[in-house]
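Everything on this sheet refers to the single structure shown next.
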Amino acid sequence: MILAAGRGRRLRPLSDRLPKALMEVEGKPLIEHLLAALAAAGVREAVVNLSWLGGMIRARLSDGSRYGLRIRYSEEGESALDTGGGIRRALPLLGEEPFWVVNADVRTSFPFPAGNPRAGDLAWLMLVPNPEHNPAGDFHLREERVGKDGPRYTFGGVSILAPELFRDSAEEVFGLAPLLRTAANEGRVAGALYEGYWADAGTVERLEAIRRRPSEA
């Protein structure tokens, strides 16, 4: 699943007329770089959630056949359901097995598929060294387990999630991070530190920084 429903408020004014998933880096939209990487790794089906300017994303990607995979869409209406709510809305399209989730604004050379959750885990997270905009990190990691101790790293917007993670969520609109923290405290989240190329285009400044440097993805 590729998360592409967000409003991209920190990318305004660019995102007032173009969804962040369609902002270009090296001549093509961010989301197309991800689709190419996923298809090259053997992924044959993807779900893309839509809200803000979602019609533009659908028109650009169509059924996904030109990228070598099948795309289905999860519509969230005029207001996005946040990361957790958006994923839960898409569960009927994602099946019963754990699935990949990738933020549409991520650029990375991460080698899909490389996650290693174990039986009983609810999630596997790709963590990265803390960038300047998030020096405190997001999650503790020790010996490939995300929990209550160990160095803190930044969540890189790439994960494997089990449908069970969302089954007790009563709200329609909710974030993913609280669910991950609860599961981590229960010892049910794996992770790995990825030190290869990674960047996110979450703000105008970070998008421009990605555009200025030669790609490593």
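The values are calculated or read from the model by the stated rules, or taken from the named source; none is laboratory data. Worth saying up front: this structure is predicted, and the values here are computed from it rather than measured. Cβ coordinates were reconstructed from backbone atoms using ideal geometry, including for glycine residues, and neighbour counts include every protein chain displayed.
Let's see how each residue does on (1) on the phi > 0 side of the Ramachandran plot; (2) of a type in the set (Val, Ile, Thr); (3) touching a residue at least 24 places away in the same chain (Cβ under 8 Å):
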site	(1), (2), (3)
Lys148	no, no, yes
Ile160	no, yes, yes
Glu171	no, no, yes
Leu180	no, no, yes
Ala183	no, no, yes
Val189	no, yes, yes
Thr203	no, yes, yes
Glu208	no, no, no
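In segment 65-107, what residues are among the hydrophobic types (A, V, I, L, M, F, W, C) and in contact with an Asp or Glu (Cβ under 8 Å, 6 or more places away or on another chain)?
Leu69, Ile71, Leu81, Val106
Quickly run through segment 175-212 and pick out the residues that are of a type in the set (Val, Ile, Thr) and surrounded by 21 or more Cβ atoms within 10 Å (Cβ to Cβ).
Val189
Please work out if Gly84 is under 17 Å from the mean Cα position of the chain (by Cα) and at positive phi.
Judged against the criteria, Gly84 is not a match.
Return the pairs, sorted by first residue and then second, in which the second residue is at pLDDT 90 or above and assigned to a loop (DSSP other than H, G, I, E, B), the first residue lies in segment 105-116 and is within 10 Å of Val158 (Cα to Cα) and β-branched (Val, Ile, Thr), the beta carbons are less than 7 Å apart, and the residues are 6+ apart or on different chains.
Thr108/Tyr197
For segment 61-106, how many residues meet the condition of being of a type outside the set (A, V, I, L, M) and assigned to a loop (DSSP other than H, G, I, E, B)?
13
This table checks each residue for (1) of a type in the set (Gly, Ala, Ser); (2) within 27 Å of Ser109 (Cβ to Cβ); (3) touching a Pro at 6+ places or on another chain (Cβ under 9 Å).
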| site | (1), (2), (3) |
| --- | --- |
| Glu45 | no, yes, no |
| Trp52 | no, no, yes |
| Ala59 | yes, no, no |
| Arg66 | no, yes, no |
| Leu69 | no, yes, no |
| Arg72 | no, yes, no |
| Thr83 | no, yes, no |
| Leu93 | no, no, no |
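Quick one: which of Leu30, Leu11, Leu61 is surrounded by 14 or more Cβ atoms within 10 Å (Cβ to Cβ), among the hydrophobic types (A, V, I, L, M, F, W, C) and within 13 Å of the chain's Cα centre (by Cα)?
Exactly one of Leu30, Leu11, Leu61 is surrounded by 14 or more Cβ atoms within 10 Å (Cβ to Cβ), among the hydrophobic types (A, V, I, L, M, F, W, C) and within 13 Å of the chain's Cα centre (by Cα), namely Leu30.
For segment 119-174, which residues satisfy the criterion of being under 19 Å from Tyr197 (Cα atoms), of a type in the set (Asp, Glu) and exposed (fewer than 14 other Cβ atoms within 10 Å of the Cβ)?
Listed by number, the list holds a single entry, Glu132.
Identify all residues within segment 10-58 that are assigned to a loop (DSSP other than H, G, I, E, B) and closer than 18 Å to Ser79 by Cα; write none if there are none.
Answer for segment 10-58, where residues must be assigned to a loop (DSSP other than H, G, I, E, B) and closer than 18 Å to Ser79 by Cα: Arg12, Arg17, Leu18, Pro19, Ser51, Trp52, Leu53.
Under 7 Å between Cβ atoms, at least 6 apart or on separate chains: pull out the pairs that start in segment 35-55 with a residue that is more than 19 Å from Ile87 (Cα to Cα) and in contact (Cβ under 8 Å) with a residue 24 or more places away in the chain and end on any residue that is outside any strand (DSSP E or B) and hydroxyl-bearing (Ser, Thr, Tyr).
Close Cβ pairs (under 7 Å, with a partner that is outside any strand (DSSP E or B) and hydroxyl-bearing (Ser, Thr, Tyr)) amount to Ala36/Tyr67; Ala39/Tyr67.
Regarding Ser74, is this residue of a type in the set (S, T, N, Q), under 23 Å from Glu172 (Cβ atoms) and within 17 Å of the chain's Cα centre (by Cα)?
Here the answer is yes, as Ser74 does meet what is asked.
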